[in-house]
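Contents: one structure, followed by commentary.
The values are calculated or read from the model by the stated rules, or taken from the named source; none is laboratory data. Predicted model only: the values in this text are computed from it and were never measured. Neighbour counts run over all protein chains shown; Cβ positions are idealised from the backbone, glycine included. Surface accessibility is based on the protein's heavy atoms, side chains included, excluding ligands, DNA and RNA. Shrake-Rupley method; radii C 1.70, N 1.55, O 1.52, S 1.80 Å.
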Amino acid sequence: MNSIILCGVALMVLSTSITNAQQSLDFRIALDLKGTPNGTEAYLLTVNEKVTGHNMFIMSDTVGRGKIKQGKLTFSGQVPAAGKWYGLYLSNQITGISMLLGQEDVSIKGNFADWPNVEVIGSEGTTDLLNYKKVSDSLTAAFKSDELLSFRENFIINNPNSLYATFLILRFDPWTLEMKQDAYDMLTPFAKSSYWGKRLKTHLAELSKAEQ
């Protein structure tokens with residue numbers, strides 16, 4: 001009997017240790033979209049990515065799902081680390097909003113007719129991503145590849161606390177291992193401990209090992 005009790009206590013301690021080591025971050029997303037037809041469904045999907053030179057993104061796993069009523073809906077959930085990538089989509093709409101979420105209280109406001117060009121408040125990673133995309137899309141459309149390269153480099157260097165800048169270092173193919181390592185070293189502790197910061201650290205270790 002005593003051995004059974006001790007075994008049970010040991011399992012409880014182990015379970016607690018694992019839970020603490022894998023603590024997740026809570027987030028909340030509140031939608032306020034004027035003119036949205038009642039019953040329109042919203043989906044918050046995780047994005048699984050595979051980084052192998054070029055990045056491949058595959059939507060999977062519905063984290064949140066619900067029907068919008070009078071233009072409003074709220075999602076809540078958890079992410080394993082700050083910066084995990086999600087996609088927010090509406091039924092019968094082809095495009096959605098890419099989001100880098102952390103422990104945040106996010107507000108999304110705008111008009112249904114303008115979707116996905118709406119205002120996102122409260123998520124710094126998502127704001128950085130969306131602002132970066134506006135400039136990069138404009139430069140790409142104008143075939144200004146040199147300016148785009150310079151913009152990307154400056155964005156990374158000038159935003160050491162940015163979750164999206166951390167992601168860009170990971171996928172910046174023209175950069176050598178040394179350049180990526182220097183950029184990683186400039187990141188803040190917050191960025192290094194983020195989802196993409198951890199991925200970047202592993203990526204750098206793999207590149208270093210391959211060069212040996």
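Name every residue in segment 155-178 that is open to solvent by less than 80 Å² (accessible area, probe 1.4 Å) and among the polar types (S, T, N, Q), in order of residue number.
Scanning segment 155-178 gives Asn159, Asn161, Ser162, Thr166, Thr176.
What is the residue count in segment 131-141 for residues that are open to solvent by 40 Å² or more (accessible area, probe 1.4 Å) and more than 17 Å from the chain's Cα centre (by Cα)?
6
Just the residues that are exposed (fewer than 12 other Cβ atoms within 10 Å of the Cβ) and over 21 Å from Lys84 (Cβ atoms), please, taken from segment 179-207.
Passing the criteria: only Asp185.
Is it the case that some residue within segment 142-160 is hydroxyl-bearing (Ser, Thr, Tyr), under 17 Å from the mean Cα position of the chain (by Cα) and on the phi < 0 side of the Ramachandran plot?
no
Filter segment 54-73 down to the residues that are at pLDDT 85 or above and aliphatic (A, V, I, L, M), then identify the one that is least open to solvent (accessible area, probe 1.4 Å).
Checking each candidate, the answer is Ile68.
For Gln103, only one of the following conditions fails: (1) open to solvent by less than 70 Å² (accessible area, probe 1.4 Å); (2) outside any strand (DSSP E or B); (3) in contact (Cβ under 8 Å) with a residue 12 or more places away in the chain. What is its number?
(1)
For Ser15, indicate whether it is modelled with pLDDT of 60 or more and open to solvent by less than 80 Å² (accessible area, probe 1.4 Å).
no
Can you list residue pairs whose Cβ atoms sit under 7 Å apart, with the first residue in segment 137-149 being closer than 19 Å to Phe172 by Cβ and the second being open to solvent by less than 80 Å² (accessible area, probe 1.4 Å) and among the small types (Gly, Ala, Ser)? Count only pairs 6 or more apart in sequence or on different chains.
Final answer for the pair search is Leu148/Ser136.
Among the residues of segment 26-40, which ones are assigned to a loop (DSSP other than H, G, I, E, B) and either within 24 Å of Glu124 (Cα to Cα) or open to solvent by less than 20 Å² (accessible area, probe 1.4 Å) (or both)?
Residues satisfying the conditions are Thr36, Thr40.
In the set Val135, Val120, Val51, which member is modelled with pLDDT under 90 and either of a type in the set (A, V, I, L, M) or outside any loop (DSSP other than H, G, I, E, B) (or both)?
Val51
Filter segment 142-154 down to residues that are of a type outside the set (A, V, I, L, M) and either touching a Phe, Trp or Tyr at 6+ places or on another chain (Cβ under 6 Å) or outside any helix (DSSP H, G or I) (or both) and give me whichever is surrounded by the fewest Cβ atoms within 10 Å (Cβ to Cβ).
Phe143
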